[in-house]
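Peer 1: Structure incoming, see below.
The values are calculated or read from the model by the stated rules, or taken from the named source; none is laboratory data. Predicted model only: the values in this text are computed from it and were never measured. Because the Cβ atoms are built from the backbone with ideal geometry, glycine has one as well, and the counts that use them run over all protein chains shown.
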Amino acid sequence: MTSSLRAAGTELGDDATAFDFEGREIRGRPGETLAAALTAAGLRELRETARGAPRGLFCGMGVCQDCLVEIDGRANRRACMTKLQGVRSVRRQGAGAPAAAPAADAPPPASDEAALEPDILIVGGGAGGLNAAATAARAGARVLVVDERPQPGGQYYKQPLDVDRLPPGLAGDSQFAGGQALIRAAQDADVGFLHGAQVWGAFEPLDLMILDGGSSRRCRPQRLIVAAGAYERGLPVPGWTLPGVMTTGAAQTLLRSYQVLPGRRVLVAGNGPLNLQVAVELAQAGAEVAAVAELAPRPGLGSVAAVAGMLSSTPGLALRGRGYVTTLARRGVPLLYGHVLAGVARAGDGLRAEVATWPPAAGVPRHAFEVDAVCMGYGFMPSNEILRALGCRHAFDPARGHLVTERDANCLTSVDRVYAVGDCTGLGGAPAAEAEGIIAGLAAAVSLGLAPAAGQERAVARARARLRRHRRFQAGLWSLFRAPHLLADLATPETIICRCEELTLSEIQSGFDDGSGSIGSVKRATRAGMGRCQGRYCGPVLAALTAARQGQPLDEAGHWAPRPPVKPVRISDIVGL
């Protein structure tokens, strides 16, 4: 596919920058990511696996590592996290002989800067992290925010590259405005930021290793607030690793931040309100949305109590959700309740996606859609690696299907001096993260002996009230969208479960054949979870398979133990310390 996929009404300006992609000139806007520029040019295959399979953008947030490319001769660069500035040449990783590494790729010298010692370190620049930072800084704390993204805002408040070039459907968007207000509040409070930096190690009692640019730096804060958010849960179905299949959040990032469509014709499948929102935004920006397949059953009379609870607690959000459904109906987009993405296959220059009823019903035919892109969103998983590495206690919540961080009313974890807010602790949504950020930010500052600034105690009281209301809203919301937590339910023996190591369901099941049945033994026998994403996608599947074989309920011990680095880093970056 060679036609431009940029959103309707979005044009490249005179400041467009160009780079070479395997002999083809690609033009993009300064500040946008390589993934956005390549997607806009219709290029989806970004690397080849060891078995020669093509891969492309999937998570869009630096977790899956499937969009790795070679940039100016340097391998293992994430296209979704790398801006265009200074890029001259890009090629698919694994396509032919690897390029020779330039001299600049030698181990960097140790940083001449002293170890970072802020009063409070905040990991994550989303809704919770920004509120925590502004609150703590106004109370007099020296605050540093480390955020892996090129710009603050997180998943919910992802900011546009150019607010003057937004598609008509996104102009005046309240999420953009809310994010801008949070960012300004943190900046006005003199919060320090490290953008595009990642915490790759967390060690007791409170030592954190940060990769900032080309060097690693040690950070020893007096208090730590983890606001690392969550990543989208993938659903292993046949064809889910094909280029063009991506998470709903990745598609939303392309559109909201860079005004790039994932494809001209798109299928959205998953569970939860985010899929409805993204489907509406894509349609308003000019994409043809073939259908939205929602795993939850169609709301009926039994949903009245849930809807009433949502309206009584947070009516604005409830009415916004109803607006998404109405807009889809007005645009003629089929909303298929009780349906699941059953498989994806190549079809010419695009994809053929099949959607089936769930639970399976005999004699009911599948729906097939010819599309450019498939967006899947089957819930989220907390990014709790740093918290678990520091020894914070977690409990498995079977209703939500993931680990939940144990915290007190001030968001203090079981480890002294470590606070946690937002979706990294267990999914609660952006409004809950915002409220928890205010609570934790002031609690951490006060624990340092600082006095609250004028009005801050009242702000915390209001935040606690908002948090109670939003938790009632969330209870009603997920009652409305209640659906089974599917894992390998739709996988065939040949379906890939471990994306990084290219392990199929049958190959993983063979790891149980020695009779030990532990998740660690399966990892050693098959290499499942040893790839670049470090088990973030296959881990929940293996944990559930292991617990079922052992006849035991899932708990924290049933998951892989977190180990440094919590995300891949080059050995040279560590050696350079």
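Peer 1: Can you find a residue in segment 484-504 that is out of contact with any Phe, Trp or Tyr (no Cβ under 8 Å at 6 or more places or on another chain), surrounded by fewer than 18 Cβ atoms within 10 Å (Cβ to Cβ), closer than 30 Å to Leu311 by Cβ and not assigned by TED's automatic domain parsing to the domain that holds Glu354?
Peer 2: Yes: segment 484-504 contains one or more residues that are out of contact with any Phe, Trp or Tyr (no Cβ under 8 Å at 6 or more places or on another chain), surrounded by fewer than 18 Cβ atoms within 10 Å (Cβ to Cβ), closer than 30 Å to Leu311 by Cβ and not assigned by TED's automatic domain parsing to the domain that holds Glu354.
Peer 1: Here is a follow-up. Go through (1) part of a helix (DSSP H, G or I); (2) over 17 Å from Tyr337 (Cβ atoms) one by one and return the number of the condition Asn275 breaks.
Peer 2: Failing condition for Asn275: (2).
Peer 1: Filter segment 432-445 for residues that are among the β-branched types (Val, Ile, Thr) and either within 16 Å of Ala189 (Cβ to Cβ) or assigned to a loop (DSSP other than H, G, I, E, B) (or both) and give the result. Even if it seems obvious, please write down each step before you answer.
Peer 2: Going through segment 432-445, the residues among the β-branched types (Val, Ile, Thr) turn out to be 438-439.
Passing the criteria: only Ile438.
Peer 1: I've got another one for you. I'd like to check something: does segment 161-174 contain any residue that is polar (S, T, N, Q) and touching an Asp or Glu at 6+ places or on another chain (Cβ under 9 Å)?
Peer 2: Kept after step one, since they are polar (S, T, N, Q), are these residues of segment 161-174: 174.
Adding the requirement that they be touching an Asp or Glu at 6+ places or on another chain (Cβ under 9 Å) leaves none.
No, every residue in segment 161-174 fails to be polar (S, T, N, Q) and touching an Asp or Glu at 6+ places or on another chain (Cβ under 9 Å).
Peer 1: Tell me the residue from Arg223, Arg217, Arg233 that is under 25 Å from Ala133 (Cα atoms) and modelled with pLDDT under 95, please.
Peer 2: Values: Arg223 fails: modelled with pLDDT under 95; Arg233 fails: under 25 Å from Ala133 (Cα atoms).
The unique qualifying residue is Arg217.
Peer 1: If I filter segment 246-267 down to residues being assigned to a strand (DSSP E or B) and within 15 Å of the chain's Cα centre (by Cα), which single residue comes out as nearest to Ala345 (Cα to Cα)? Write out each step before concluding.
Peer 2: Step one: list which residues in segment 246-267 are assigned to a strand (DSSP E or B), which gives 246-247, 260, 265-267.
Going one step further and asking which of them are within 15 Å of the chain's Cα centre (by Cα), we end up with 246-247.
Working: Met246: 14, Thr247: 17 Å.
Among those that are assigned to a strand (DSSP E or B) and within 15 Å of the chain's Cα centre (by Cα), it is Met246.
Peer 1: Quick one: which of Leu341, Leu403 is outside any helix (DSSP H, G or I), under 25 Å from the mean Cα position of the chain (by Cα) and over 30 Å from Tyr419 (Cβ atoms)? Please lay out each step first, then the result.
Peer 2: On the way: Leu403 fails: over 30 Å from Tyr419 (Cβ atoms).
None of the others qualify; the one that does is Leu341.
Peer 1: Continuing with this model, one more query. Scan segment 457-471 and give yes if some residue there is under 21 Å from Met381 (Cβ atoms), buried (at least 18 other Cβ atoms within 10 Å of the Cβ) and free of Cβ contacts under 8 Å to residues at least 60 places away in the same chain, otherwise no. Working first, answer last.
Peer 2: If we filter segment 457-471 for residues that are under 21 Å from Met381 (Cβ atoms), which is where we start, we get 470-471.
Retained after the next criterion (residues that are buried (at least 18 other Cβ atoms within 10 Å of the Cβ)): 470.
Add one more test, that the residue is free of Cβ contacts under 8 Å to residues at least 60 places away in the same chain, and what stays is none.
Scanning segment 457-471, I find no residue that is under 21 Å from Met381 (Cβ atoms), buried (at least 18 other Cβ atoms within 10 Å of the Cβ) and free of Cβ contacts under 8 Å to residues at least 60 places away in the same chain, so the answer is no.
Peer 1: Hey, does segment 332-340 have a residue that's buried (at least 18 other Cβ atoms within 10 Å of the Cβ) and either of a type in the set (Asp, Glu) or touching a residue at least 60 places away in the same chain (Cβ under 8 Å) (or both)?
Peer 2: Yes: one or more hits.
Peer 1: Separate question: Considering only segment 278-313, state which residues are in a helix (DSSP H, G or I) and of a type in the set (Asp, Glu). Before you say what the answer is, go through the steps one by one.
Peer 2: Filtering segment 278-313 for residues in a helix (DSSP H, G or I) gives 278-284, 301-313.
Result: Glu281, single match.
Peer 1: Being among the basic types (Lys, Arg) and either within 15 Å of the chain's Cα centre (by Cα) or closer than 20 Å to Ala544 by Cβ (or both) narrows it down to one residue among Arg388, Arg393; which is it? Can you show your working first?
Peer 2: Working: Arg393 fails: either within 15 Å of the chain's Cα centre (by Cα) or closer than 20 Å to Ala544 by Cβ (or both).
The match here is Arg388.
Peer 1: With segment 474-577 as the region, which helices (runs of 4 or more DSSP H) entirely inside it contain at least 3 residues that are at pLDDT below 90, out of contact with any His (no Cβ under 6 Å at 6 or more places or on another chain) and not β-branched (Val, Ile, Thr)? So that I can check it myself, show each step before the final result.
Peer 2: Values: elements: 505-510, 519-526, 539-550, 571-575.
Helices (runs of 4 or more DSSP H) meeting the threshold: 519-526, 539-550.
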